[in-house]
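A quick write-up on the structure given underneath.
The values are calculated or read from the model by the stated rules, or taken from the named source; none is laboratory data. Keep in mind that this is a model prediction, so the values were computed, not measured. A quick note on method: Cβ atoms are made from the backbone with ideal geometry, for glycine too, and the neighbour counts reach across all protein chains shown.
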């Protein structure tokens, strides 16, 4: 009974919702576009353009979930299940490997259908390999493996996932919707299903463990090969 009362009190303090997810995702796209245009207008070096332009949307992807849940809720630890245990790490690693395997299979099938294709991240990485310093490459690799998983999971499997659950959407549909939005958010039509598959896996491990940290680990493991290939000079070898 005490647990039910406590849960009810927490729900009453949660005044954030689906509109916050919309603000987070749409605002991130607009911010990224504006920052990119400004950097192009001032003829910023390619390393600055790629790194700053890629990281700019994270101010809202990561910042708005943390702000909204702190300002209008119980904080990210409670509202977004932002925690991590060793069990979550194990689940995250397993999920990341599964997501990577599925993405590789779908990428191979996509190649058979449409021919060779690449990702925006791989194109940016190739620009860095050709024009920037190793320090820029290293920073971009860390962004792929650490920064992107944290920022994107706060937005998708954190804020959006939680907002859908609060609306009474069932677990399966919540996992599917967040994965579809995640894949569409990248604006890479050819890679939509390549992104959808790991998105479904990230959502499943988020639901299974009840931990956003597990989804972050899964996302990081999924992105790790791309980061490694970038550092060894093979940015095009990514699903």
Among 51, 42, 46, the single one that is within 19 Å of the chain's Cα centre (by Cα) and more than 21 Å from residue 156 (Cβ to Cβ) is 51
Meets criteria (closer than 22 Å to residue 99 by Cα, over 12 Å from the mean Cα position of the chain (by Cα) and either buried (at least 24 other Cβ atoms within 10 Å of the Cβ) or at pLDDT below 95 (or both)) for residue 142 | yes
One residue from 197, 215 being within 12 Å of the chain's Cα centre (by Cα), under 28 Å from residue 79 (Cα atoms) and modelled with pLDDT of 95 or more | 215
Among the helices (runs of 4 or more DSSP H) contained in the range 22-82, which hold 2 or more residues that are surrounded by 14 or more Cβ atoms within 10 Å (Cβ to Cβ) and modelled with pLDDT under 95?
-> 46-55
Going through (1) more than 21 Å from residue 145 (Cβ to Cβ); (2) modelled with pLDDT of 95 or more one by one, residue 12 fails only at (2)
Looking at the range 231-239, is at least one residue buried (at least 24 other Cβ atoms within 10 Å of the Cβ), out of contact with any strand residue (DSSP E or B) (no Cβ under 8 Å at 6 or more places or on another chain) and at pLDDT 95 or above?
-> no
Regarding residue 220, is this residue within 12 Å of the chain's Cα centre (by Cα), part of a helix (DSSP H, G or I), modelled with pLDDT of 95 or more and over 20 Å from residue 124 (Cα atoms)?
-> no
Is there any pair with a first residue in the range 17-46 that is free of Cβ contacts under 8 Å to residues at least 40 places away in the same chain and a second that is assigned to a helix (DSSP H, G or I) whose Cβ atoms are under 6 Å apart and which are 6 or more apart or on different chains, and what are they?
-> 27/60; 31/60; 35/53; 36/53; 39/49; 39/53
When you look at residue 153, is it under 30 Å from residue 73 (Cα atoms), touching a helix residue (DSSP H, G or I) at 6+ places or on another chain (Cβ under 8 Å) and touching a residue at least 24 places away in the same chain (Cβ under 8 Å), yes or no?
-> yes
